[in-house]
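Before any comments, here is the structure.
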Amino acid sequence: MSNFVLEIFDDEGSKCSFYTVRYENADFSETDYFIKKFKDNKCLKKYLIELMNLISNEIGNKYGAKEIFFRHEREAQALPPKPGLQKISIMLNFPLRLYCLRLSSSCVILFNGGEKTSHTSQGGKTSMTFYEANEFAKRIMKAINDSVIKLDNHQKTIIDYNELEDISDIII
């Protein structure tokens with residue numbers, strides 16, 4: 001796995017900030033690639049919109065990144081949550097998975113994902129992004145454990161070991 005950079009994806013939510021990863025020489029972040037895969041797909045576009053609304057409205061502004069909203073996927077997590085949560089409504093048999101890493105109730109790093117075509121995340125069209133998400137999560141958690149990066153006092157902003165605001169200079 002190549003080096004990657006952490007970038008702000010959406011930090012305007014009142015309850016939660018979202019970051020993403022971008023491979024060092026890539027034109028787009030992994031989350032942008034996820035959006036590009038489905039934004040023009042007639043069958044899956046409505047699910048993409050629902051997922052993005054969940055992220056920005058429900059998690060970003062209303063509830064924060066409550067642990068029950070995330071599916072555990074080894075080292076990483078995935079969105080959307082399983083259907084049946086009383087706080088939010090997700091369609092049954094939701095066909096998309098967006099992998100991520102929940103760092104706190106107010107900070108999430110979004111990765112890439114895919115269309116769920118198998119009973120397991122390791123199979124079908126999500127297998128490669130599942131593997132990559134778990135590798136990203138391991139490397140980010142190692143950087144946190146090694147104090148290369150950390151969360152600010154409010155647990156909402158990722159900062160580097162020098163406590164600078166711009167985390168986009170941190171290559172992991």
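The values are calculated or read from the model by the stated rules, or taken from the named source; none is laboratory data. What you are looking at is a predicted structure, and each value in this text was computed from that prediction instead of being measured. Here the Cβ is made from the backbone with ideal geometry for all residues, glycine too, and neighbour counts use every protein chain on show.
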Legend entry - Cβ-Cβ under 8 Å pairs, at least 6 apart or on other chains, segment 21-39 side farther than 19 Å from E135 by Cα and free of Cβ contacts under 8 Å to residues at least 40 places away in the same chain, far side part of a loop (DSSP other than H, G, I, E, B) and not acidic (D, E): K36/F28
Inset, instruction - Could you tell me whether K66 is within 30 Å of K142 (Cα to Cα) and basic (K, R)? - result: yes
Legend entry - Residue satisfying all of: in segment 45-84; exposed (fewer than 15 other Cβ atoms within 10 Å of the Cβ) and in a loop (DSSP other than H, G, I, E, B); modelled with the lowest pLDDT among these: G84
Legend entry - Residue pairs meeting the criteria (Cβ under 6 Å; at least 6 apart or on separate chains; first in contact (Cβ under 8 Å) with a residue 24 or more places away in the chain, in segment 116-142; second crowded, with 16+ Cβ neighbours inside 10 Å and in a helix (DSSP H, G or I)): S121/F130
Legend entry - Conditions (1) in contact with a Pro (Cβ under 8 Å, 6 or more places away or on another chain); (2) in contact (Cβ under 8 Å) with a residue 24 or more places away in the chain; (3) of a type outside the set (D, E); number of the one not met by L48: (1)
Inset, instruction - Examine segment 19-27 for a residue that is outside any strand (DSSP E or B), among the basic types (K, R) and surrounded by fewer than 21 Cβ atoms within 10 Å (Cβ to Cβ), and state whether such a residue exists. - result: no
Inset, instruction - State whether one or more residues within segment 61-78 are closer than 19 Å to A133 by Cβ and of a type in the set (V, I, T). - result: no
